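Structure, as structure tokens:
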Amino acid sequence: MNIARTAFLSLTLAVASSLLLACNPKEQNKALNVIEITPAWQQKPMACNDAITIQNQQWQLQYLRFYLSDFKLNQQPKLLTTTSWQQPGLALLGTDCHGNDNWQLTFAEPLAPGQLSFTLGLPFVVNHQNPLKASSPLNFSEMFWSWQLGYKFLRLDMQSSHFGWAFHLGSTGCQSASVLRPPALPCRAANTFAVTLDYQPNQKLQFNLAALLSEIVLSPQSSCMSDSLQTDCQQLFDNLTMAGPWQLSPAP
Amino acid sequence: MNPFAPRKPLPLPLFFTILLLMLGSCSKPTTTDPAWQWQLPEGMPLPVVPAENPMSQAKVELGRYLFYDKQLSANGKQSCASCHQQQFAFAEPTDRSVGSTGQQHRRNALALVNVAYNNRLTWAHDGLTDIEQQLLIPLFSETPVELGLTGAEPQLMQRLKKPPYPQLFQQAFNSEQPDMQQVVFALASFVRSLLSFQSEFDRYAYQNEDEALSPLQIEGMNLFFSERLECHHCHGGFNFTQATSHSQQLLDLRPFHNTGLYYAARPGQAEAGYPQHDRGLAELTMNSTDDGRFRAPTLRNIALTAPYMHDGSLTTLEQVLDFYQAGGRTITAGRYAGDGRHHPAKSQFVRGFQLTDSEREAVLAFLNSLTDPQFIANPEHSNPWLAHP
């Protein structure tokens, strides 16, 4: 009886452990198709509740969200899974500082090491569709301007004890009959920013806010709604070119 | 028999017998009511309805009788419709509502327009997401008393045993016996049926009728959606409020804002802010950064729903425009004296702007294009007791 029980238990254990082992490689694969994103201030991860000091003033994040699209690895398109935060070709990342956060990209397949590229912003064909008929995360009125201008590619709202400051990135110079009609031709300033980085598996993607705000004096007048004639917007656009605030960490 | 031979179709009479049996098994007495059809323009997403209270024509009809019935107040003096009047898009032309016992409410009655889409209800409550929950406030609240039903439920149930209710309850819930849960479910269903999508703006925006708006209204619309005016930051989406969710909208929004209406010294309080008797969301969250934060209401039918703001303290749309143009309100004298423009929790999108006289006229013309005349004339939303006294 005892022998039978022991044999049964061993068999159960053997089957269970082989099942666990069989699961393991899958677990690793799962991790390899996810890139975590971290908002950072001068390389230090930051959260909404953190006080950050800019020009001797205390600031807090109130809202930081952005759309990334057109993911490629070594020039080959890489698709994302479909969730409420992403569609195969695009993702909405960030936080509203009220607990609605998304800080990861989930790809349909594992990512090998290589040149990872993506675009901050949305492609023209997607940007001016009817948002009513769009599916998540493109039906999100907080990130939407109008048919004419499309989406806010990046929305950063910050608050000091004295005033708020905001940077909303999106296309400008879009010609159509009214704000509620989509443009037929591409906008004069698409204001999308391509990023390419050397990727190694398990690296995290950091979005460094300090680099984005480099040389910007935060004042009630320097908030930027993507008007390219405004010098602060020019500076912010410059800060977004090349790798800009994007960095993979830890370094390979 | 060759298993790969094409299957012989069922003999026709047998097919119909099976079909009839299948149909017959579905048609229990409870489902004699026709399925609910949302009256929505093409492409408009469906509202999200709680699973325990699906829409039906019979529930909406019962809810309509209840909504307009003064017996729903303990003293028989008020119905829901006393403060939510169809001709004013189910708001009322009074700064702050008065309850059935004459008690003054501290807030302005909100319009009931496309409430089926609201992800937050009332002026400043973070947790009220379903109409079924919200309804308990007007029905049972004691501070202030609105319909004042607390303790009067047995009397109400007696009243609801008189015609036409037994038949209406039977059709809606398959039982002539009324109960409070059913009253709430039926009222919620009626409120969900109050949909307004037939304004001139809708025809322009969603039916693609370029002629539906005048050039002046289009100019105003362009200004409304501009970064200069920033209106759409809080009054965004197809309902002109962030407090909107629908079947395609999976992400939650937080739709409360301080617009700089008050910044007054408060007796016994270290910090100035909104008047002590109504501090908005801060009352619930106990967080001073939520002081004066109220939900941005829909702008649909806004020309019909004067006066404005949570306490009805702005009388006309022109005043509202002046208020936002100034970036808040300065009160020079009295209990609430102070400069609301400097409230530290004020939304950064209320910064003030300049408008020429013609631009101002254009914005007002646009706001008027959000009026839906069919909504306020729709007999399906009207008082059924006038037809059956």
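Things to note:
- Picking from residues in segment A:213-231 that are surrounded by 15 or more Cβ atoms within 10 Å (Cβ to Cβ) and touching a Phe, Trp or Tyr at 6+ places or on another chain (Cβ under 6 Å), the one that is nearest to the other protein chains (Cβ to nearest Cβ) is A:S223.
- If only residues of segment A:114-138 that are away from chain B (no Cβ under 11 Å), at pLDDT below 95 and assigned to a loop (DSSP other than H, G, I, E, B) are counted, the one that is farthest from A:T241 (Cα to Cα) is A:Q129.
- Of the residues making up segment A:141-164, those that are surrounded by fewer than 24 Cβ atoms within 10 Å (Cβ to Cβ), over 15 Å from the mean Cα position of the chain (by Cα) and either over 24 Å from A:D70 (Cβ atoms) or more than 9 Å from chain B (Cβ to nearest Cβ) (or both) are A:D157, A:M158, A:Q159, A:S160, A:S161, A:H162, A:F163, A:G164.
- Within segment A:88-101, not a single residue is surrounded by fewer than 15 Cβ atoms within 10 Å (Cβ to Cβ) and of a type in the set (V, I, T).
- Helices (runs of 4 or more DSSP H) (entirely within segment B:127-177) containing at least 1 residues that are touching a strand residue (DSSP E or B) at 6+ places or on another chain (Cβ under 9 Å): B:131-134, B:165-173
- Members of segment B:41-88 that are in contact (Cβ under 8 Å) with a residue 60 or more places away in the chain, among the aliphatic types (A, V, I, L, M) and loosely packed, with under 15 Cβ neighbours inside 10 Å: B:L46
- Pair list, Cβ under 8 Å, 6 or more apart: segment A:44-62 residue at positive phi, other residue assigned to a loop (DSSP other than H, G, I, E, B) and loosely packed, with under 13 Cβ neighbours inside 10 Å: A:Q55/A:V217
- Filter result (among the acidic types (D, E) and either part of a loop (DSSP other than H, G, I, E, B) or more than 24 Å from B:T143 (Cα to Cα) (or both)) within segment B:290-320: B:D291, B:D311, B:E318
- Total residues in segment B:352-370, condition surrounded by fewer than 20 Cβ atoms within 10 Å (Cβ to Cβ) and either part of a loop (DSSP other than H, G, I, E, B) or in contact with a strand residue (DSSP E or B) (Cβ under 8 Å, 6 or more places away or on another chain) (or both): 5
- Residue in segment B:209-227 that is over 21 Å from B:A35 (Cβ atoms), in contact with a Ser or Thr (Cβ under 7 Å, 6 or more places away or on another chain), more than 9 Å from every other protein chain (Cβ to nearest Cβ) and buried (at least 22 other Cβ atoms within 10 Å of the Cβ) present: yes
- Condition met for B:S369 (of a type outside the set (A, V, I, L, M, F, W, C), within 14 Å of chain A (Cβ to nearest Cβ) and under 20 Å from the mean Cα position of the chain (by Cα)): yes
- Residues (part of a loop (DSSP other than H, G, I, E, B), among the hydrophobic types (A, V, I, L, M, F, W, C) and at negative phi) located in segment B:256-289: B:L261, B:A265, B:A270, B:A272, B:L281
- Filter result (in a helix (DSSP H, G or I) and aliphatic (A, V, I, L, M)) within segment B:209-226: B:A212, B:L216, B:I218, B:M221, B:L223
- Index of the failed condition, A:A210 passing every other in (1) away from chain B (no Cβ under 14 Å); (2) under 25 Å from A:K78 (Cα atoms): (2)
The values are calculated or read from the model by the stated rules, or taken from the named source; none is laboratory data. As the structure is a computational prediction, the values presented were derived from the model and not from experiment. Cβ atoms come from the backbone with ideal geometry, glycine included; neighbour counts cover every protein chain shown.
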